[in-house]
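Would you mind keeping the following structure in view while I ask a few things?
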Amino acid sequence: MIKLMKIFIGMSISIFMLANTYAATKENANKSIELVITQKNIDVDGKKTWVYYVSQPNGTWGFEGVKGQYFDATVKNETTVPTVLHWHGLIVPNDQDGVPYVTQAPIPPGGTYHYHFKLLQAGTFWMHSHFGLQVQRYMSAPFIIHDPNDKSDAQDVVMMLADYSPKTPDAIFAELKKGMPMNTSAATKQKMAMPMNDNKSMSSMQSDNSMAQKPDLNDVKYDAYLTNYQTLKNPPVIRVQPGKTVRLRIINGAAMSGFFVNTGKLPGQLIAVDGNDIHPINGTQFQISEAQRLDILVKIPEQKDGVYPILAQGEGTNMQTGLILATPEAKTIPTYPEKVKNTAGSLDYSQEWQLKALYPLTPKPVDETLTLNLEGDMAKYEWKINNQMWPHITPLSVHNDRRVEMIINNQTDMAHPIHLHGHTFEVTEIDGKPVTDGAMRDTVFVMPHSTVKVQFDSDNPGKWVVHCHMLYHQEAGMMTEIDYAK
Ligand SMILES: [Cu+2]
């Protein structure tokens, strides 16, 4: 028990450090670093489990750097399995992208791999394994890049969300492959296809009790959700200063769960999605699908002993996770329940419609069009793009230096967060309706039986994978590749 406590304390400290070592890291960002992948034991509400952990020898969880400087890292695989780390959302040269058998060979147990690239962007990103089902064991960590021109004195607080099951990832996948009747039930289909009123659905987490009686919209049932490896029974408590601004850097690192984020008493201002600045949106509830990020500013009131939970409820569930912002004088931290009365609804487009990129693409005619038809066979648990399952795919092709439109046509009964490597795209159309200056993203949520169009400039030659970021969908085939024509 003491050992476990130490792990928790260790993790809290390194997260706290991440929020407070900007100055030191700023000077050191050009230095070579080591990122060590280890395994460790944690306790999730009384259940012992082992997890992966990616940290630097100085204790920093993940990485924090400055735009314009170089990321020069030796990744050490101190686990017992092969792995590869991918830098999610970062525009890197193709050979740095970290996709096994596409851009590099896996790093064997005990092996190392050197990555070296310039940090071209500023924002909230993350790193994660692109090998097998390792994301379910949290082989993931924050990758935060500061803008050297950002004069804000906001305190950074990283909130990395994850989903927890006592079952092994292999067992979860085997169960899905065997098929679960509830997935294809008429009630589920009906619920998925149900059109949602935009304003109502933003707050659907509070209103819809009827969801509780219906089959779950999620194809994996989890026991708990985690924030920075901890549950609400023992949440991260981050000390904040009265009157100061906090920049929440929320990363959805969950394998299969979307969330409704709730800033509670603190009015929030959403300033970036997927690391890309938007025209700010005020609110207290925000949506985040798998692999996406939200940067939200909250101002801590002047009150000396303030406690402010930042919560995230899993879509289609009554479970929540979160962290607690507390001023130094707040001695007693109340506990917040892991389970709430109301079951949350599903994520939708209501937030996406509000997003306006601060730096959208320069409007240009589309030169080339790619179509991604998303298909699925629930009975066999096969997930496909253009009727092909990874790795048995024919790559799509683009030419260099073109404006490319990607049409994502979801023909399945489930939503899919689609992620493109090596590029940032603009959301340009949702279900036939144009989006003006839509958000710049690397991961877009596509609702069931719905079509989303995005555009990007083909300015980064190589072989880039595009895939669903629901881990078991990806593993079951929902991934393809876009190659630059030679
Ligand atoms: Cu999917």
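Residue check, Y101 against (1) in contact with an Asp or Glu (Cβ under 6 Å, 6 or more places away or on another chain); (2) open to solvent by 50 Å² or more (accessible area, probe 1.4 Å), all met but one. Which one?
Going through (1) in contact with an Asp or Glu (Cβ under 6 Å, 6 or more places away or on another chain); (2) open to solvent by 50 Å² or more (accessible area, probe 1.4 Å) one by one, Y101 breaks only (1).
Which numbered condition trips up I310, out of (1) open to solvent by 10 Å² or more (accessible area, probe 1.4 Å); (2) closer than 25 Å to K233 by Cα; (3) touching a Gly at 6+ places or on another chain (Cβ under 6 Å)?
Failed condition: (1).
Among the residues of region 450-486, which ones are part of a strand (DSSP E or B), closer than 14 Å to P395 by Cα, within 16 Å of the ligand (Cβ to nearest atom) and out of contact with any helix residue (DSSP H, G or I) (no Cβ under 7 Å at 6 or more places or on another chain)?
Within region 450-486, V465, V466, M479, T480 meet the criteria.
Out of S55, S14, report the one residue that is within 28 Å of V246 (Cβ to Cβ) and modelled with pLDDT of 95 or more.
Only one candidate qualifies: S55.
Now a separate question. Of all residues in region 272-288, which are outside any strand (DSSP E or B) and more than 17 Å from the chain's Cα centre (by Cα)?
Once the filter is applied, which keeps residues that are outside any strand (DSSP E or B) and more than 17 Å from the chain's Cα centre (by Cα), region 272-288 yields only T284.
Okay, next question. Tell me which of these V158 doesn't satisfy, since it passes every other one: (1) in contact with a helix residue (DSSP H, G or I) (Cβ under 9 Å, 6 or more places away or on another chain); (2) open to solvent by 30 Å² or more (accessible area, probe 1.4 Å).
(2)
Residues to consider are D163, D150; find the one that is charged (D, E, K, R) and open to solvent by less than 40 Å² (accessible area, probe 1.4 Å).
Only one candidate passes the filter, namely D163.
I'm checking my understanding of the structure. Among residues of region 371-426 that are hydrophobic (A, V, I, L, M, F, W, C) and out of contact with any strand residue (DSSP E or B) (no Cβ under 8 Å at 6 or more places or on another chain), which one is farthest from the ligand (Cβ to nearest atom)?
Among those that are hydrophobic (A, V, I, L, M, F, W, C) and out of contact with any strand residue (DSSP E or B) (no Cβ under 8 Å at 6 or more places or on another chain), it is A379.
Related question: Is it the case that region 86-105 has a residue that's of a type in the set (V, I, T), within 30 Å of P166 (Cβ to Cβ), in the same structural domain as E34 (by TED's automatic domain parsing) and touching a residue at least 40 places away in the same chain (Cβ under 8 Å)?
Within region 86-105, one or more residues are of a type in the set (V, I, T), within 30 Å of P166 (Cβ to Cβ), in the same structural domain as E34 (by TED's automatic domain parsing) and touching a residue at least 40 places away in the same chain (Cβ under 8 Å).
The values are calculated or read from the model by the stated rules, or taken from the named source; none is laboratory data. Because the structure is a prediction, the values reported are computed rather than measured. Cβ atoms come from the backbone with ideal geometry, glycine included; neighbour counts cover every protein chain shown. When the accessible area is computed, the model is the full protein with side chains, heavy atoms only, and any ligands, DNA or RNA have been set aside. Shrake-Rupley method; radii C 1.70, N 1.55, O 1.52, S 1.80 Å.
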